[in-house]
Every structure is written in C-alpha cells, then in structure tokens.
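Taking it in order: structure first as structure tokens, then the write-up.
The values are calculated or read from the model by the stated rules, or taken from the named source; none is laboratory data. The shown structure was predicted, so the numbers you read here are calculated from the model rather than taken from an experiment. Neighbour counts are summed over all protein chains in view; Cβ atoms, including those assigned to glycine, are modelled from backbone coordinates with ideal geometry.
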Amino acid sequence: MVFLNPSILLGLLAASIPILIHIINFRKLHKVEFSTLAFLKELQKSKIKKIKIKQWLLLLLRTLIIIFLVLAFARPTLESTYFSTETSTAKSSAAFIIDNSFSMSLIGDEGSVFNKSKTEAKKIISQMQNGDQFYFIISGDSIKKTTDKKTAISIIDKIKISFFTEPLNKKLDKANSELLASQNINKEIFLFSDFQKNTLNKSLLKDSTRLEISNKIKLYSFDMSIKETNNYSVSNLKLENSIIELNKQITFSVSVNNYSVNKVDNIVASLFVNDERVAQQTVSLLPNQQKKVKFETTLKSTGLVEAKVKLEDDRILQDNQCYTSFYIPEKIKILVIYDNIADIRFLKAAINSISTLNRFNTNFVKSTDNYNVELYDVIFLISTNQTAIGKTSNYISAGGKAVIIPSNTLKSSDLKNLYNKLNFPIAKSIIELPPNDNNYAEFNSIDFSHPILNNIFTSQIKNKIESPKIYKYIKLTPSQSTNKIISLNDKSIFLGEYNLRKGKVIFFNTAINLTWSNFPLKGIFAPLVNNIIHYLTSKKAFVKSYKVGDIIPLNIENILYPKIEVKLPIGLDNINVEGFKNKIYNYNSTLQPGNYKFYSNNKLIMFASVNTDPTESDLSGIASRIKNQIFKKYYEGNFININQKENYLATIKQSRYGTELWKPILLIAFLLALIEMFVARNTKKDLMTLDTK
C-alpha cells in the first residue's frame, strides 16, 4: 500500500490530542472522607468502573476517528505500479506515441484511424494534472515537451500524417530515454498504432541492447487497426529502356499491389511525364495480388524528365503515386581519337547520318593533339598512341564510357600495351585471312536480348542477318568479366562489353575499314553505332531511387557556388556548404515523396526520386502473440493492451494509482464518529446519574 498524499500523514500527530485531554482530565484530586457517604462507596464501585471503561473507549474512538480521517485524506492505495517515496505528490510523466505513418490515415466508420487516435489521446490528457510532464514522440519531428495541459492538447492537434515510416521500437526507445530521466512518480507510455506486421520486428526478441526499464515504466498499448480493410498501392516505377532516344518509344513499368482479401476491378492507372498525362490503363487484381503494368509513350524533349504513375483514390491516398526521373542531355558530346584518317572515314559518315535533331556534338582529334577527355560523354579510341591509351584508361576508370576499335595500322606487338592498360579480354593474336569469296570469318552467335541490338532487327529477319565478311581481326578470348554480344565462328568476340572500375567499355575486334572487313558497308553498321552511343550515354541518365527519410548523398566536390537551392516536391530548401570539407554532403530532409532537384548558381547538379516505403501499404497486423512477447520482454508485466470499446480512462486510472481506499476509510471514520456520539451521550448520562446520588 502507498499514499498518494503522504504529507497529510503529518496530521496523525493530531491523534495525540484526545490522549492529552484524557490525561489532563485524569489528574489526581485530594480525597475528603464523609462518614455519611461511606455507605455509598460499595454501591458506586461497579458504576464508576463502567464509566471508566466507556471513557477509555471514547479515547480510543476519538483517536481512531482522527487517524482514519488523516488516512483518508492521504489517499491510501493498493499499489499496482512503481512509486517513488521521495516525492510528496503523485505527479506523472507521460510519453505519447501517436503513429502518424500514412497507413493511419485509413478511413473507417468513425473517421480516420489517425484522428480517432488523437481524440483518445486528448481525453487522457484532460484527465491528467497541470504540472505533469508530457512528451510527444512524432515521426519526422523532434520530441516535443510541456507541463501544460492546454499546450499538450495543442501539440496533439498539430500532429499531421507523415510519409516517413519510423519503426515503433525506435519511438519506444526515445520515450524510454526521456521517461527514465524524469523524477516523477508515474512513468507512462501511451502508444496508439495500427501495429502493422512491419512496424514491430520479431528480431527484437533477440535484441539484448535495450534500456533496463522493467518496473519503472508502464506501457498502454492502443490497437487502433480496422479489421478487413482494403488498400491498393503503386510502387517501383522504372524506365525499362536501356537506350533512350528522342521521338522513339520508351516503356515504363510499375507494380500495382492489392493489399486486401477482396478483388479490385478496373483501377485507373495514369502515367504522367513532366506533368502531362501520356498513357492510361485499367488494372484488376485478385486478393493480395501484385501485377506489373507497362506503359508506352514517346519521349519528346531533352533535359530532366520527371515521371509518375498515379492511381485513382482509395481509402489511403499517400501510396497511390510513384515517381522516377532521368536526364537526357540536349547534346551528346563525342570525342573520336584516331591515328590515321583512314580509321575514321566510315565512322564519321555513320555518325553524321544518324545525328538526328542535331544532338551529336562530335570532335575528331588525332592522338597527338591536345584534348581534354573529361569534357565528353563518350570516347571512341582508334589509336595505339600510349598517351591516348593512358588518358582513355583514366577516363574510363573514373566512370567514363568508351568504344575501343582497332586501328588500321595495329600490329601484334601493339596488342600487349593496348589491351593490358585497358583491361581487355586476352588477345591471342591478329588473325589475317587472304580476302576471297570462301576465306573469311563471319558471325556465329548474336545476343539479340542486349539493348545495343534493340530495334535494329525485326523478329522476322533476326535469323536471316547477312554477316559481314571479316578478313582480319583480333582473336579475343572471352572472360568472366566480358559480356559477349556478337561472336565469330571461331568463338572469338566480335562485339563485346565489360566494366573497367566505374566505367563501361564497348569493343570491336576488327578495324572499321574495308581492308579488315566489309562491315562498314552493311546496313547494320550505322544503326549499331547509333545504339552504342545512346546505350553508353543513357547509362548516365539514371539515378538511385530513395525512400522517404533516406539520405541523398550530394557530390559537392566540383561546385563553385556554395549555396545550393533544393526544389522539393512542394516548396524550396536551401543548403550552404561553404567551409564544408567533405566531398559528399548528406541531404536528409526527404520527408515528402516526389522528385528532388539540386541547383548551384541556377545549374542542375543533382536530382533524385523519393518514394514512400511500400511496406507501409500492407495493412496486415502483427500477430498479438509476437507483440505481447516483445512488450513483455521490455516492460515485463507493466504493459496493458487497451480495447477501443472499453472504459480505458478508468482502466488507466486504476492501473496508475491502484485501488484507492479513501472512500471505505472515510466511511469507517464516519461510523466511528456515530459510535463515539452514542458512547459519549451514554457516558454523560451515567455521570449525571452518579452526580445526583
């Protein structure tokens, strides 16, 4: 048993007052004997004895009345939670965790789950005292604190749904830390959530690093979920094309998910490119089905392309949109490094013939000239010059894209220097066949699934490709790091691909002139060059997609203007990196889904797409058994699962203070007072009777 107002117990000193009065009234008197009264002594002895017993009884009753009155005002309580004996009042510290992830925006018969949670939390606050400590743990925001009830309710009113999904265990950790530092008697957590299965991870049962909180904090768990709910969502928007060209068809794919036990029919899904609706489909899904949906459209402009897929509204709106973005340069800068003019005659003609919309900006330079490879999007190296090879190798290693073509004057002695520096597949030798109608190499196998060969052949002629006649070539042996695109009949690689550190290389094994083969005369030549250029430069267009709350690493190494403007999906942000010593700035204000654009001095330096966490769309609840095991591990017996329909305010009050005994104690004091009145009146009559005799 504990006392909620222990200072009142000082009033027990008042119980000594009846005793003092009794002692004073019981002081010794001088005896005077009268012979005429002597015969009465024997008659009065029994009555006087009864009066003394009643007086002692009155003393006991009056003392007990005072004791019970003091105890009633001290509010004795049968203990059910942890109390500190160091404080004189029953103040509370309460942490409110209102799950504001977007799954809580689900609308039921009584409105949204989120708004209902806020209403219930305000009812709890209204039953508490001014001076109690209130903490609010909110996703995407700092911990808010107050000791004023009106301010606490105002904080509740201002909490909004967040796109950020933060695990409940992290919020509980924050609440535990705040409460353990409090000196108040009661330490409580009020947790309102729909308890999705992804919110509390089963692995927490194995976690041994948690704070020691048993017998110090009580958890009230409010399960606000709605059973048998329907929700569909869209996620994982991707551009399927590896080659992106203007006025050519591009394909987007997206996952549409049905997180319900009911079938959904004819959901309208729309594709927007740069805020213009360009395609639309209807989707029907079986219960708990995921379907990949594709959209086709034509790319009409260069620059930053922002795409999104939007579904028609359902009971949760936040997961009905998905975003991606990519960049198409207005000009593709091409550098061709060569030794002899004969090496580039056909290549130059091919590039000029395919330069649609004047997008190619091509510079042909001799290997002995001065040039800066870093200024270009793709390099063609047709040279054995050691300086040119070294520059190209460094360019590729840093993330550049290059096409390697043998020079017309290439000799066997050049192979080692050329291919070792560029990490080529093993070059065994240069094969040279006397040119005649029956003595040449030709294509043996073609990987038609490779993006470079996309849209070059129709399905009807894939098996009827006329191979060029190849009289001279480098016999390149395939390796594990090499992707073979086209091979010859002796199994050597004609056209291949490999990665060199951060960069990518496409290579041929024959020179682009008529001495080595008739390849430049074939219809496949110019389209293949076009696809190679777009394939390599399109690889630079894509960036990683992030989830809300993720950090976007921003490379600021080469920016000249330290103030960076961030165009958010809604609104603007600014960063000042002046004096920042690291090359990478971690931008962490990603609390909205959509496309983020970073500008320095009005120049786009970075862009990224941010989407909601798809696991938040799955409304399946965590198993009660698992949830209780987790709570039991960290709060032992100090947690209570609250049913929405029960009188939870009474449950909380009883759990917080235990069963208060002041009412029965006050009733006992009242009954004792009635008995005291009766005994006192009876004793007074006895005394009056005794005095008259």
Open item on the list: Checking the conditions here, which among PHE222, PHE192 is within 26 Å of ASP313 (Cβ to Cβ) and at pLDDT 90 or above?
Closed with: PHE192
Task: Unique match (being in a loop (DSSP other than H, G, I, E, B), in contact with a Phe, Trp or Tyr (Cβ under 6 Å, 6 or more places away or on another chain) and surrounded by fewer than 17 Cβ atoms within 10 Å (Cβ to Cβ)) among LEU560, LEU591 - done: LEU591
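Condition check: touching a strand residue (DSSP E or B) at 6+ places or on another chain (Cβ under 8 Å) and at pLDDT below 75. Does SER92 satisfy that?
Taking the combined requirement at face value, the residue does not satisfy it.
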TODO: State whether the residues of the range 328-343 include one that is out of contact with any helix residue (DSSP H, G or I) (no Cβ under 9 Å at 6 or more places or on another chain) and of a type in the set (A, V, I, L, M, F, W, C).
DONE: yes
TODO: Tell me, please, whether a residue that is in contact with a strand residue (DSSP E or B) (Cβ under 8 Å, 6 or more places away or on another chain), under 21 Å from MET606 (Cβ atoms), assigned by TED's automatic domain parsing to the domain that holds LEU246 and not in a strand (DSSP E or B) can be found in the range 302-316.
DONE: yes
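Where in the range 358-455 are there strands (runs of 3 or more DSSP E), lying wholly inside it, with at least 3 residues that are farther than 19 Å from VAL336 by Cβ?
Because the criterion is at least 3 residues that are farther than 19 Å from VAL336 by Cβ, the strands (runs of 3 or more DSSP E) in the range 358-455 that meet it are 427-432, 443-446.
Would you mind finding the one in ILE389, ILE337, ILE382, ILE341 that is surrounded by fewer than 18 Cβ atoms within 10 Å (Cβ to Cβ), of a type in the set (A, V, I, L, M, F, W, C) and farther than 26 Å from VAL543 by Cα?
ILE341
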Open item on the list: I'm checking my understanding of the structure. Among residues of the range 121-156 that are surrounded by fewer than 19 Cβ atoms within 10 Å (Cβ to Cβ) and acidic (Asp, Glu), which one is nearest to the chain's Cα centre (by Cα)?
Closed with: ASP141
- [ ] Name, by its number, the condition in (1) within 30 Å of ASP109 (Cα to Cα); (2) among the β-branched types (Val, Ile, Thr); (3) at pLDDT 95 or above; (4) surrounded by 13 or more Cβ atoms within 10 Å (Cβ to Cβ) that does not hold for VAL293.
- [x] (1)
TODO: Give the number of residues within the range 547-573 that are more than 12 Å from THR590 (Cβ to Cβ) and out of contact with any strand residue (DSSP E or B) (no Cβ under 7 Å at 6 or more places or on another chain).
DONE: 5
Open item on the list: With the requirement that a residue be in contact with a helix residue (DSSP H, G or I) (Cβ under 6 Å, 6 or more places away or on another chain), surrounded by fewer than 21 Cβ atoms within 10 Å (Cβ to Cβ) and among the hydroxyl-bearing types (Ser, Thr, Tyr), what does the range 157-180 give you?
Closed with: none
Task: Checking LYS627 against (1) buried (at least 18 other Cβ atoms within 10 Å of the Cβ); (2) touching a Lys or Arg at 6+ places or on another chain (Cβ under 8 Å); (3) more than 30 Å from ASP275 (Cβ to Cβ), the condition it does not meet - done: (2)
Open item on the list: If ARG210 satisfies all but one of (1) at pLDDT 85 or above; (2) touching a helix residue (DSSP H, G or I) at 6+ places or on another chain (Cβ under 8 Å), what's the number of the condition it fails?
Closed with: (1)
Open item on the list: Condition (residue is farther than 23 Å from ASN509 by Cβ, hydrophobic (A, V, I, L, M, F, W, C), more than 49 Å from the chain's Cα centre (by Cα) and assigned by TED's automatic domain parsing to the domain that holds ILE474) applied to the range 361-369: is it met by at least one residue?
Closed with: yes
Task: Criterion violated by LEU568 - all others in (1) crowded, with 22+ Cβ neighbours inside 10 Å; (2) under 29 Å from ASN236 (Cβ atoms); (3) among the aliphatic types (A, V, I, L, M) satisfied - done: (1)
- [ ] State which residue is nearest to ALA95 (Cα to Cα) when the search covers only the range 106-130 and only residues that are in contact with a strand residue (DSSP E or B) (Cβ under 9 Å, 6 or more places away or on another chain) and in a loop (DSSP other than H, G, I, E, B).
- [x] MET128
Task: Considering residues of the range 373-405 that are of a type outside the set (A, V, I, L, M), in contact with an Asp or Glu (Cβ under 9 Å, 6 or more places away or on another chain) and in contact (Cβ under 8 Å) with a residue 60 or more places away in the chain only, the residue nearest to ASN509 (Cα to Cα) - done: LYS401
TODO: Examine the range 609-624 for a residue that is within 30 Å of ASN555 (Cα to Cα), acidic (Asp, Glu) and touching a residue at least 60 places away in the same chain (Cβ under 8 Å), and state whether such a residue exists.
DONE: yes
